[in-house]
1. Give the residue, chosen from B:Arg10, B:Arg49, B:Arg19, that is free of Cβ contacts under 8 Å to residues at least 60 places away in the same chain, closer than 30 Å to B:Met176 by Cα, loosely packed, with under 13 Cβ neighbours inside 10 Å and charged (D, E, K, R).
2. Name the residue, out of B:Ser67, B:Ser74, that is in contact with a Phe, Trp or Tyr (Cβ under 6 Å, 6 or more places away or on another chain), among the polar types (S, T, N, Q) and at pLDDT below 95.
3. May I ask you to verify whether B:Ser152 is facing another protein chain (nearest Cβ under 7 Å), touching a strand residue (DSSP E or B) at 6+ places or on another chain (Cβ under 9 Å) and surrounded by 21 or more Cβ atoms within 10 Å (Cβ to Cβ)?
4. Here is a check on your reading of the model: is B:Asp56 acidic (Asp, Glu) and within 14 Å of chain A (Cβ to nearest Cβ)?
5. Return the residues of region A:198-225 that are assigned to a strand (DSSP E or B) and away from chain B (no Cβ under 13 Å); say none if nothing qualifies.
6. Taking B:Lys130 as meeting all but one of (1) of a type outside the set (A, V, I, L, M, F, W, C); (2) surrounded by fewer than 24 Cβ atoms within 10 Å (Cβ to Cβ); (3) more than 10 Å from chain A (Cβ to nearest Cβ), write down the number of the exception.
7. Being surrounded by 13 or more Cβ atoms within 10 Å (Cβ to Cβ), in contact with a Pro (Cβ under 9 Å, 6 or more places away or on another chain) and modelled with pLDDT under 95 narrows it down to one of A:Ile194, A:Ile154, so name that one.
Amino acid sequence: VTPWYRRWPFLAGIVLILVTNAVVLGGALYNRSGEPESRLNLMERELQVAYGGWRPGENSAFTLRLEPRVAQRGHLANRVGYGGEADWLDGAKLDELGIQVRQRSPGDELSTYSTSIPADVFLVLEMNGPAYRRQLADTCDPARLAREERAKRICDEETHRFSRLFIVDAGLDRAALRTKYSDAGMYAIVHGQIQAVAASEDGRLRRYGRIRGLSSEDMQVPPSMRAAMAAAQSRRGTRSTGPFEATVAFGRRLEPWLVRLSARARED
Amino acid sequence: MTTRLEAQARVDQVQAFRRELQLLESGGHVELSAEQRQAIEAHHAALSRELTLAFDVDPDARSRQLSLGMRIASFLGALSLAASVFFLFYRFWGELTVGAQVSVLVVASLLTFVFTVWLRTRDFAGYFTKLAAFVSFCCFVLNISMLGQIFSITPSPNAFLVWAAFALILAYSLDMRLLLVAGIACIVAFVAARCGTWAGMYWVHFGERPENFFPAALLLLLASHFIDHRRLDGFAATYRVFGLLTVFGPILVLGNWGEGSYLLSDVDLIEGGYQIAGFVAAALTIWFGVRHGLSDVINTGITFFVILLYTKFYDWWWEIMPKYLFFLVAGLTAILFLFVLRRLRGAGKLAMTEAA
């Protein structure tokens, strides 16, 4: 009789567990090997606590989430999020990316167009660069401050609190994007998804893109960096943290990890 | 005799023989001599004892009822223990270094799996083994998904493939339908995600085009037909039922949400097409089930036929009919269904009589 530890299910299961773990860990190691693809210096403005709906005390891990924004067409400011209509993600850009809205039947009304399926592309994140400066200049425009009551408050938020991390471009060729955005300290390339949308505007079809998400945007804070997050931990679940600064590296597979995290004096 | 299923069938046969003999004797159709009766009873008693010891089968109806209770307790225990492992890890993993987290995850997968396979040799009825197997599966799922979180790894549909493989190894070696269902769910997710990727979609969104599920359904139905499951209790039926669910679920969705289809046509046309396809497929399923004597197929077909029908009733009449009339029509339809099924049942009986 074959002993239990020599039977095929046992051997197959052990091999499956070991091989799967080796592949996953090998991939993580490969991502972090060599010089990072890019390295961004961020603050609590760009990294929010991802508490994921856990009740206090149920999840002891501490996770930070990248909070990129898009400069939106026709909007004053949006603190976080990329769900709106990015000003650069127009019909021409969608053609370049090969993402099309589908017309259900030729000659149909505009309403018969539908959204596309979300496609995987490379997205370019820009930290504290021209996109943020444009947004800041637009928000804090003296004429607007004089005209609108709430503009001063939003200008103040834009200057001190809103994320400075902007998604500024997308492409299918990672190397071409890196050539175009060569400053690895300001620009990171990540995997993300874009969906094309068709809308009727003045009776004409207008296509634009919507960013559906980043493939990898959460980072676990290792215990060695926890001390810097003490203020944040004491207010878990609020998504607010004490001031800190962090360096986030993006590896060969464009997956992020925290390289450095330290507390920072409060500006005000 | 090598499996518990075969042993249980043998014991059931003995029970049926005893009941039938009792009826024959009370009707005066047969009369055994005392020696014959003693010889048969001694043989059956020895056989039952031997099979109960070797395979932990249920020798009588009372034992069978208790076994059902144990199966339910084992199922609930498996779910609860798996949830406990999940929450236990989340409760403490943040306190561990990355090295310790990885070690705990890998070792937990290995240890629970080794323990499950070892327990199998001690627990022939399998109640405790099945419980341990489900915890082992949960540990492996946790293992891979948590490594993904720890290292911010881009999610991949391949995870479903390895989870499916692990679940199927446990299901087939332990004759465990709960893990077969888990394995089937992972296969469906993997195949649907891959189909979505081939269509140009980022895999996470595979549910946004329900047609992605059809190839998985076909695979499951082929598996139920071509893989020999005679030695495994209820496996073929599980494949059939989940294959049919994977067909009818998306049809039901697309019959009411044509925008979700890959087809480039008018939305109303797509919805109408899927509604007709749903009725035809449900009717064919019932016919196939009746023809091959597969009660699970018949029941799944009937269930979806009724759901599709009631969905249409709702679309057509809910707004315009008084509620009492709407439910009267629904009730009368159910009665009509009973008549149709009784006819089918009668036809089946007639076929059996003629065959006899």
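The values are calculated or read from the model by the stated rules, or taken from the named source; none is laboratory data. Remember, it's a predicted structure, so these values are computed and weren't measured experimentally. FYI the Cβ positions are ideal-geometry reconstructions off the backbone, even for glycines, and counts take in every protein chain you see.
1. Values: B:Arg10 fails: loosely packed, with under 13 Cβ neighbours inside 10 Å; B:Arg19 fails: closer than 30 Å to B:Met176 by Cα.
On inspection, the qualifying residue turns out to be B:Arg49.
2. Details: B:Ser67 fails: in contact with a Phe, Trp or Tyr (Cβ under 6 Å, 6 or more places away or on another chain).
Selected residue: B:Ser74, the only one of B:Ser67, B:Ser74 that is in contact with a Phe, Trp or Tyr (Cβ under 6 Å, 6 or more places away or on another chain), among the polar types (S, T, N, Q) and at pLDDT below 95.
3. Against the criterion (facing another protein chain (nearest Cβ under 7 Å), touching a strand residue (DSSP E or B) at 6+ places or on another chain (Cβ under 9 Å) and surrounded by 21 or more Cβ atoms within 10 Å (Cβ to Cβ)), B:Ser152 qualifies.
4. Values: acidic (Asp, Glu): yes; within 14 Å of chain A (Cβ to nearest Cβ): no.
The answer is no for B:Asp56.
5. So the first thing to find is which residues in region A:198-225 are assigned to a strand (DSSP E or B), and the list is A:198-201, A:204-214, A:218-220.
Listed by number, the residues that qualify are A:Ala199, A:Ser200, A:Glu201, A:Arg204, A:Leu205, A:Arg206, A:Arg207, A:Tyr208, A:Gly209.
6. (2)
7. A:Ile194
Results for (1) modelled with pLDDT under 95; (2) within 22 Å of B:Phe137 (Cβ to Cβ), shown as yes or no for each residue.
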site: B:Ile184; (1), (2): no, yes
site: B:Ile227; (1), (2): yes, yes
site: B:Leu244; (1), (2): no, no
site: B:Ile251; (1), (2): no, no
site: B:Gly255; (1), (2): yes, no
site: B:Glu259; (1), (2): yes, no
